[in-house]
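Have a look at the structure below, then the notes.
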Amino acid sequence: MTQTHEPRVTKTDEEWRAQLSPAEYAVLRQAGTERPFTGEYTDTETEGVYSCRACGAELFRSDTKFHSHCGWPSFFAPSDSDAVILKEDDSLGMRRVEVICAACHSHLGHVFHGEGYPTPTDDRYCINSISLRLAPQQ
């Protein structure tokens, strides 16, 4: 499941801390989670492209976003299969699949499969708003 390759964007811990706010750093670089129903993109329906807040790499498009009512933005697929890396996550006493940015290896959230959502993939990429930046479609 884990795809192994070096990140294309590399920075020191000090450089990440200087670039990101403390809250962004906690989620993106320390695999934290923002509180549910608090993120700026949870209910957003704006058309556009969602990129990694840390490095700017394109991750998701609005046409794959759907309302799962889970408290975080949900997508049924990344914009490109190489945009994210899926990594087994056994933290917190449960088995999950972590989603990280392929370009800079920042934490984005988790993906869940087989929950029965009426989407083409039956996947729910549950992504922290603070990990994303939306560029509205022109």
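The values are calculated or read from the model by the stated rules, or taken from the named source; none is laboratory data. Small disclaimer: the values here were computed from a predicted structure and weren't measured. Counting neighbours? That spans all protein chains shown, and the Cβs are built from the backbone with ideal geometry, glycine included. With ligands, DNA and RNA removed, areas are computed over all heavy atoms of the protein, side chains included. Shrake-Rupley method; radii C 1.70, N 1.55, O 1.52, S 1.80 Å.
What number, rounded to the nearest 500 deg cm²/dmol, is the helix-based mean residue ellipticity at 222 nm of the chain, given -39500 (n - 2.57) per DSSP H run of at least four residues and division by all its residues?
Numbers: 2 runs with 14 residues, N = 138.
Mean residue ellipticity, 222 nm, calculated: -2500 deg cm²/dmol.
Here the Kirkwood formula, the inverse mean of 1/r across different C-alpha pairs, assigns the range 79-135 a hydrodynamic radius of 12.3 Å. Per-residue surface analysis assigns H5 an accessible area of about 80 Å², computed on protein heavy atoms at 1.4 Å probe radius. Taking amide H as placed 1.01 Å from N in the peptide plane, W72 has its amide H under 5 Å from the amide H of F37, each at least 5 places away in sequence or on another chain. Each of the peptides 8-19, 118-129, 26-37, 103-114 was scored by the mean count of other Cβ atoms within 10 Å over its residues; in descending order, highest first, they stand as 103-114, 118-129, 26-37, 8-19.
For each cysteine in the chain, check whether another cysteine's C-beta sits under 4.7 Å from its C-beta; list those where none does. Lone cysteines by the Cβ rule: C70, C126.
With all projection directions averaged, the alpha carbon convex hull of the range 1-99 covers 7.1 nm².
Given Cα pairs under 8 Å that are at least 6 residues apart, what percent is the relative contact order of the range 41-95? RCO, the range 41-95: 27 percent.
Could you work out how much longer the chain between A31 and S81 gets when fully extended? Use 0.36 nm per residue separation minus the Cα distance between them, nm to one decimal. Write down the numbers at each step before the final one.
Numbers: separation 50, 0.36 × 50 = 18.00 nm, distance 2.13 nm.
Gain on extension, A31 to S81, equals 15.9 nm.
Think of a 1.4 Å ball rolled over the protein heavy atoms: the chain then has 54 Å² of accessible area per residue.
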